[in-house]
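Here is the structure we will look at.
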Amino acid sequence: MPPTDDLALYDRLARVRADVEAQIGRRIVGQRDVVERMLIALFAGGHCLFIGVPGLAKTLLVQSTAQALGLDSGRIQFTPDLRPADVTGSEVLDEDRSTGHRALRFVPGPIFTHLLLSDEINRTPPRTQAALLQAMQERQVTIGRQTYKLERPFQVFATQNPIEQEGTDPVPEAQLDRFMFSIEVDYPSEAEEIEIVERTTGDLGPAPEPVIDRDTLVALQDLVRNHLDHDDVPRFAVRLARATRPGVDAGDVVKRYVQWGAGPRASQYLLLGARVRAALHGRRNATIDDVRAVATSVLQHRIVPSFAAEAEGLRASEIVRRILSSVPAP
């Protein structure tokens, strides 16, 4: 059983979820599933990749979330001419005119923030995309011989347009693996679109207001990482991740439709995502159903479909659903 202080934090986490959703709702209409998955990644301390066509408020969602959590946020519009130094920052040469003394001074880039929005991450060359690799994994940036720590929380929320692929550079698998979730943002329903049109063509109303501070967010992130699970939950998370890998023991779906499966990070994020989902719903124990609920977002960007899958037009998300239905609970 968690200590009393932890129990209070668990209770607060469920209330914070409702408060944050209410603040985001001032700017975002609908997208409840997208918002929930984003909050799971946020309180897990993970990075998120949002995939959707233009105009679905992906950027506005991230900005509204940063406002609701009282976080510093930065935005980088990834373009073909963007350089790594435009992301991380660079050293400049300063000269004291009175003495003639020269010294290098580091000028931080936009990566030095709490919540970094990387807009259309696939529109910049791999060399610039790779500027995020160290920061996403180690929460630090190395410039020359000096390493600079990034203040917690540091999370990358990136967007990607699934259409207009000419002139784009796919995000490498090694970098995709650093994203906890990939979240598909779909079109709104007719009723939601009517509300969007009415809101955005009139008075925009109040902006989101902070409901917690940075220190509380970090405490909640630490809390879910120290959560204790029933043995069957981590066992199912590992079993599910391993079921995506082609091999002798692979199922028929994987043998036919998967070229490469998910690595150990998938097992970690399946378990962590299940813990956070349970806590956001006011439950102190994650279940196998929580693992199933986050499985598609964790796995779909970590498997490489085979030629057979591409020939049949089978998307990674559908492959994950078929695998999920074939893996029994412990």
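Values for this structure:
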| quantity | calculated |
| --- | --- |
| For the stretch 28-125, with +1 on Lys and Arg beta carbons and -1 on Asp and Glu, the positive-most of Leu115, Pro54, Gln67 along the dipole | Pro54 |
| Residues Tyr187, Tyr257, sorted so that the one with the fewest Cβ neighbours within 10 Å comes first | Tyr187, Tyr257 |
| Segments 284-293, 86-95 sorted - mean Cβ within 10 Å per residue, highest first | 284-293, 86-95 |
| Most positive-pole-ward Cα, Phe307, Gly263, Ser326, against dipole of the stretch 227-330 from beta carbon charges | Gly263 |
| Computed over the chain, Kirkwood Rh from alpha-carbon pairs, angstrom | 21.3 |
| Mean residue ellipticity (222 nm) of the chain, computed from DSSP H runs ≥ 4 via -39,500 (n - 2.57), nearest 500 | -13000 deg cm²/dmol |
| Antiparallel DSSP beta bridges within the chain, percent to nearest 5 | 40 |
| About the Cα centre, charge dipole magnitude for the stretch 227-330 (Lys/Arg +1, Asp/Glu -1 at Cβ), debye | 180 |
| Acute angle (nearest 10 degrees) that the helix 32-44 long axis makes with the longest principal axis of the chain, alpha-carbon atoms | 70 |
| For the stretch 257-267, Karplus couplings with θ = phi - 60° (6.51, -1.76, 1.60), whole Hz, Gly/Pro x | 10, 10, 8, 9, x, 7, x, x, 4, 4, 4 |
| Hull shadow area, averaged, the stretch 227-330 [alpha-carbon convex hull, nm²] | 6.2 |
| Nearest-ten-degree value, helix 316-326 long axis tilted from longest Cα axis of the chain | 40 |
| Rounded if a/c under 1.5, otherwise prolate or oblate - the stretch 93-153, Cα gyration tensor axes | prolate |
| Cα gyration tensor shape of the stretch 79-127, rounded if a/c is under 1.5, else prolate or oblate by comparing a/b with b/c | prolate |
| Nearest-20 debye value, the stretch 88-217 charge dipole, Cβ charges on Lys, Arg, Asp, Glu | 1200 |
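Read-outs: derived from the displayed coordinates by stated rules, not from any lab. As the structure is a prediction and not an experimental result, all values here were calculated from the model. Cβ atoms come from the backbone with ideal geometry, glycine included; neighbour counts cover every protein chain shown.
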